[in-house]
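Chemist: What follows is a structure written as structure tokens; I'll ask about it next.
What follows is calculated from the coordinates using simple rules that are stated; it is not laboratory data. The model shown is predicted, which means the values in this text are computed figures rather than measured ones. Methodologically, a virtual Cβ is constructed for each residue, glycine included, from the backbone with ideal geometry; neighbour enumeration extends over all protein chains shown.
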Amino acid sequence: MAQPPDISETFIKEVDENLRRDRMNDFVKDNAGWLVVALILFLAASGGFIWYQQHRVALAEKHVEQIAAIYKDISSGNTAKVPQQLDDLSHSSSEAVRATALFTRAAFALQQNDPKLAIATYKKIGEDSSLPDSYRSAALLRRTALEFDQLQPEQVIARLKPLTQAGNPWFGSAGEMTALALVKQGKKKEAGELFATIAKDKSVPQSLRDRAIQIAGTLGADASAALGPQAQ
């Protein structure tokens, strides 16, 4: 009686690969139309995304050039078109351009003796959640400084509380206004302690630390540690 042929493992693999290839070929034949459409859509989407990214970069570069031209106009006194130009750039898709345009608009409003517009512009920056926190915090500080005399002390303290936490890069300026608000409330001890803390914080600009040392002393707080051994 004849023996069955020896079916090796290599032969089985070859048969399996052929079956898979045939199935793939059948799939491609049956779905050729859909595959072509999918490929076209993929290429269109990829091309559109690349174009959009390049367009944004080119537009941002153009806007930066416009900002530079605006600064040149301001320095030369040619400011008739500056407000409208800045308002247009405040809608830029670039966060840096948009923030720069708004900060410049606020500064220009102050130069034109229009603090109300400056305050409104700083408020707009501070409430724009699409901008980085650094821009929003700077706007909050400047807005609060402009409104300081019109605000109740507790309003100043509450508004600046997030910026007066240890380690916050805006601690010096926010802490100084908070301390002045505490003085308005008659809380001189707390104000003096806060000024002393500002004076001892080496991350705070030296000019602000020097001022804090002086004010802390007038309020009875000891900020001598901030002076260093030689000054003492």
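Chemist: How do LYS189, LYS184 line up, fewest other C-beta atoms within 10 Å first? Don't jump to the answer; show the numbers that get you there.
Modeler: Details: LYS189 12, LYS184 16.
By the 10 Å Cβ count, ascending: LYS189, LYS184.
Chemist: Could you check how many percent of all C-alpha pairs in segment 125-187 are farther apart than 20 Å? Mind dumping the intermediate values first?
Modeler: Working: 435 of 1953 pairs.
I get 22 percent for the Cα pairs in segment 125-187 exceeding 20 Å.
Chemist: Further, regarding this structure: For ILE213, ILE74, what's the fewest-to-most ordering of other Cβ within 10 Å of each Cβ? Each step should come with its number before you reach the end.
Modeler: Details: ILE213 21, ILE74 16.
Listed from fewest to most nearby Cβ atoms, that is ILE74, ILE213.
Chemist: Taking the Cα of LEU180, stepping 7 Å toward and past its beta carbon, and measuring to each backbone N in segment 153-170: which are under 13 Å?
Modeler: Label zone hits: 153, 156-157.
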